[in-house]
Amino acid sequence: MTTGVPSNIAVHCAGVTKTYTTETTTVPALRGIDIDVKFGELLMLVGPSGCGKTTLISVIAGILDHDSGECLVFNRDLKHMPDKDRTKFRGENIGFVFQAYNLIHTLTAQENVAIPLLIRGVVFDEALKKAAEVLQRVGLGERLTSLPSELSGGQQQRVAIARALVHEPKLIVCDEPTAALDHDTGQKIMGLFREVAIGENRALIIVTHDSRIFPFADRIAKLDDGKIIAVATAKEFLNGNQHL
Amino acid sequence: MIRIALKMLVGDRPKYIGMILGVMFSSFVITQQSSIFTGIMTRTFGFINDSPLPDVWVMDPKVQYIDDIKPLQDTQLLRVRGVDGVEWATPLYKGLLKARLSNGVFQNCNVIGLDDASLVGGPGNMIKGKLEDLRRADGVIVDIVGAQGRLAKILPDGSRQTLDIGDTLELNDRRAIVVGIASISRTFQSQPVIYTTYSRAMNFAPRERKLLSFVLVKAKPGVAISDLARNIQSQTGLKAVTAEEFKHMTVMYFLKYTGIPINFGIGVLLGFLVGTAIVGQIFHNFTLDNLRYFGALKAMGASNGTLLRMIIVQAIVVGLIGYGIGVGAASMFYHVSKKSELAFRMPAELLIVSATAVTVICVIAAIFSIRKVFKLEPAIVFKS
Ligand SMILES: Nc1ncnc2c1ncn2[C@@H]1O[C@H](COP(=O)(O)OP(=O)(O)O)[C@@H](O)[C@H]1O
Ligand SMILES: [Mg+2]
């Protein structure tokens, strides 16, 4: 293992590249990404559609192998881990929030939230109990037995956030968490994120191209065409440094 | 996660019921078609089934199946009796003779002549009268289907009356008196069946040099049946087969030389293919619909083994419930068709085979669909 990574760094990427090859084309989606994500911070990856944001968090979350460069998560190299270990690593350390929520539509809110615990082998009743606590924290203590279809978009995304938190992962990745929500609900969801998800021993990476939620970031990394073209604090970013 | 898998399945009520209906329909078609096929094939050797006593059947070497009669000389009976290990050996006549009904109409009948002393080979299931009544002068036993059908008496007013004990027939200008009515297995031969004694059958049959159709043999206790058959064959030069072998021979003959099994075989095959396609398609769709969820589960740390177990549980639940109802429907069909001419047989082996087939189809279809999840593409996980 590389030893040069300081202990306050959750994710370390250096020179990460990824090229998609299909029968007809090759698309260089990442062309040398250098970025560190610290424990305790909320980093936003922003940039136009198709610039490689989803590809980058897929690599960081251990869902996709990069071609070259180094990507360490908690100082572990996921690329060279056997698939089985990597799956286990994700289950223990990473929480996911998806744009389309991906709540299982036949399960109640409580059951959906319990899933990461069930995957880790926690017994059903205990998992449900813990799920109820977390749903309480995201303000859905009254809707434990509701099905996703009975909840609004904002409420569904809260369930998804609860699901990403329930097993207390050290890294949470979110792909466009507010893309399907209206402005007000998006703001509320981001407020909730800051309130319940940020912690000393946790890093948050949120992918978005919704500039209205930029103020909720600690730092913002701007991607374009597979490269990080600027990294700044949210304040710097919003204080007119729009050329960044 | 098994509980989650079941909830995923059952929670989607319309799809769940749809899948069960699909599997049900397929199971029904598969079971029903192959039951009819089995039934048809069983009919070919119905006569052998109806004669459970003999261990070995002895016949002309050129005989290929039960209705293929190539008569032997009467002296062959004595030669068979002389073979070591034979407990008893009796003659059997089987042949088509013309019966003249009371209204003067002729009807071809399958006449069976049983050993006068033992009556071996007689029908086991008597509806009226007793087998022993055959010993009465001119006595014959008629099968119930024939008695109600082609041998029924036509009354002067044109109505039909079932042939009954005491009624007479003419076989080859000789009088025969009905002394019993029997229920026998249906066979491929649609003619009415008439049982009588061997010596009386000799009288009914046109004069020929050879009239002995089969020699029926019982093995002495402790003698291996297949060994005995081999001994008889080598010592007499006749063909000697065990009852099981004879059934097999008969089925194989029909499989090889008639179109009936092929036509039905195609039905079975179609049932299987259609069933497989439907079940496979249904499961494929179900898993594809849930691919997003399975992708998310895998991203959240569910192992391939866990996902596989979930899907297999879903497949088995749908497979078994659908199968149960489907086979239930097939049994109902069986019940309804019992009294008809339809051949239908549903032995346990067939149920085991079709249950396994349906389950395997479900599982394979599900596994086939989930390979995508095993690869875990971000496109699935982060799909918008
Ligand atoms: N599976 C794939 N095969 C081929 N090209 C892909 C695939 N996934 C993404 N791409 C391409 O890679 C580039 C980056 O995609 P993506 O990471 O999804 O961008 P973003 O999330 O920023 O919109 C795009 O040009 C996209 O078309
Ligand atoms: Mg994207």
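Packing, taken as the mean count of other beta carbons within 10 Å per residue, orders the peptides A:196-206, B:122-132 from highest to lowest as A:196-206, B:122-132.
Annotation: B:Met1 carries an accessible surface of approximately 40 Å², with a 1.4 Å probe and no ligand, DNA or RNA atoms counted.
Can you sort B:Asp173, B:Asp227, B:Asp55 by 1.4 Å-probe accessible area, starting with the largest? Before the final figure, lay out the partial values.
Working: B:Asp173 135, B:Asp227 70, B:Asp55 25 Å².
The ranking, largest first, comes out as B:Asp173, B:Asp227, B:Asp55.
The calculated 222 nm mean residue ellipticity attributable to helices in chain B amounts to -17000 deg cm²/dmol, summing -39500 (n - 2.57) over DSSP H runs of n ≥ 4 and dividing by all residues. Neighbours of B:Ile40 by Cβ distance under 11 Å: Lys/Arg scored +1, Asp/Glu scored -1, total +3.
Take every DSSP beta bridge with both residues inside the range B:73-237 and express the antiparallel ones as a percent of the total, to the nearest 5. Numbers along the way, then the final one.
Values: 28 of 38 bridges.
Taking every DSSP beta bridge with both residues in the range B:73-237, the antiparallel ones total about 75 percent.
Which length gain, in nm to one decimal place, applies between A:Thr24 and A:Asp184 when the Cα-Cα distance is subtracted from 0.36 nm times their residue separation? Before the final figure, lay out the partial values.
Numbers: separation 160, 0.36 × 160 = 57.60 nm, distance 4.24 nm.
Full extension of this stretch gives 53.4 nm more.
Order the following by accessible area, largest value first: A:Val16, B:Val268. Probe radius 1.4 Å; ligands, DNA and RNA are ignored.
Working: A:Val16 0, B:Val268 25 Å².
If we order A:Val16, B:Val268 from most to least accessible, we get B:Val268, A:Val16.
For the range B:99-131, the residues whose backbone nitrogen is under 18 Å from a point 7 Å from the Cα of B:Lys153, taken along Cα to Cβ, are B:99-107, B:128-129.
Students sometimes get this wrong: rank A:Phe98, A:Phe39 by accessible area, probe 1.4 Å, all chains present, largest first.
Values: A:Phe98 0, A:Phe39 60 Å².
Result, largest first: A:Phe39, A:Phe98.
About its Cα centre, the dipole of the range B:239-384 is roughly 260 debye, where the only charges are +1 on Lys and Arg Cβ and -1 on Asp and Glu Cβ. Hull volume per residue, based on the alpha-carbon atoms of the range A:139-244 and their convex hull, is 121 Å³. Considering the options A:Gly47, A:Thr24, A:Ile63, tell which one lies farthest towards the positive end of the dipole of the range A:12-67, charges being +1 on Lys and Arg and -1 on Asp and Glu at the Cβ, about the Cα centre. Working it through, the farthest residue towards the positive pole turns out to be A:Gly47. Chain B contacts chain A over a buried accessible area of about 2600 Å², both sides summed; the probe is 1.4 Å and only protein chains count.
Considering the zone a paramagnetic label at B:Glu170 would reach in this model (a point 7 Å from Cα along the Cα-to-Cβ line), which residues of the range B:90-110 have amide N under 11 Å from it? Zone members listed by number: B:99-106.
Take B:Leu155: with every protein chain present and a 1.4 Å probe, its accessible area is about 60 Å². Positive-end ranking of B:Leu171, B:Phe246, B:Ile361 along the dipole of the protein assembly as shown, with charges on Cβ about the Cα centre, is headed by B:Leu171.
Projection of the Cα convex hull of the range B:73-237, averaged over all directions and equal to a quarter of that hull's surface, yields 10.4 nm². Basic side chains Lys and Arg get +1 at the Cβ, acidic Asp and Glu get -1 at the Cβ, and with that the dipole of the protein assembly as shown about its Cα centre reaches some 1080 debye.
By DSSP, the beta bridges lying fully in the protein assembly as shown are antiparallel in about 70 percent of cases.
Semi-axes of the protein assembly as shown's equivalent ellipsoid from the Cα gyration tensor, sqrt of 5 times each eigenvalue, largest first, rounded to whole Å?
Working: eigenvalues 1411, 125, 71 Å².
Values for the protein assembly as shown, descending: 84, 25, 19 Å.
The angle between the Cα long axis of helix A:109-119 and the main principal axis of chain A comes to about 60°, on a 0 to 90 degree scale. A Förster radius of 51 Å, combined with the Cβ-Cβ distance separating A:Asn8 from B:His284, puts the computed FRET efficiency at roughly 0.60.
Measuring only protein heavy atoms, the 1.4 Å probe finds B:Tyr65 accessible over about 40 Å².
For the range B:89-220, with only Lys/Arg (+1) and Asp/Glu (-1) charged at the beta-carbon, what is the dipole magnitude about the Cα centre, in debye rounded to 20? Present the calculation step by step, with values, prior to reporting the outcome.
Values: 19 positive and 12 negative charges, 75 e Å.
Taking the Cα centre of the range B:89-220 as origin, the dipole is about 360 debye.
In chain B, the DSSP beta bridges split such that about 80 percent are antiparallel, to the nearest 5.
Coordinate range of the alpha-carbon atoms in chain B per principal axis, descending: 91, 60, 32 Å. In terms of distances greater than 30 angstrom between alpha carbons, the cross-link table entries A:Lys188/A:Lys222; A:Lys222/B:Lys372; B:Lys15/B:Lys298; B:Lys94/B:Lys256; B:Lys98/B:Lys130; A:Lys129/B:Lys7 yield A:Lys222/B:Lys372.
The values are calculated or read from the model by the stated rules, or taken from the named source; none is laboratory data. Not measured: the values here are computed from a predicted model. All Cβ positions, even for glycine, are placed from backbone atoms using ideal geometry, and neighbour counts span all protein chains on display. Calculation scope for accessible area: heavy atoms of the full protein, side chains included, ligands and nucleic acids excluded. Shrake-Rupley method; radii C 1.70, N 1.55, O 1.52, S 1.80 Å.
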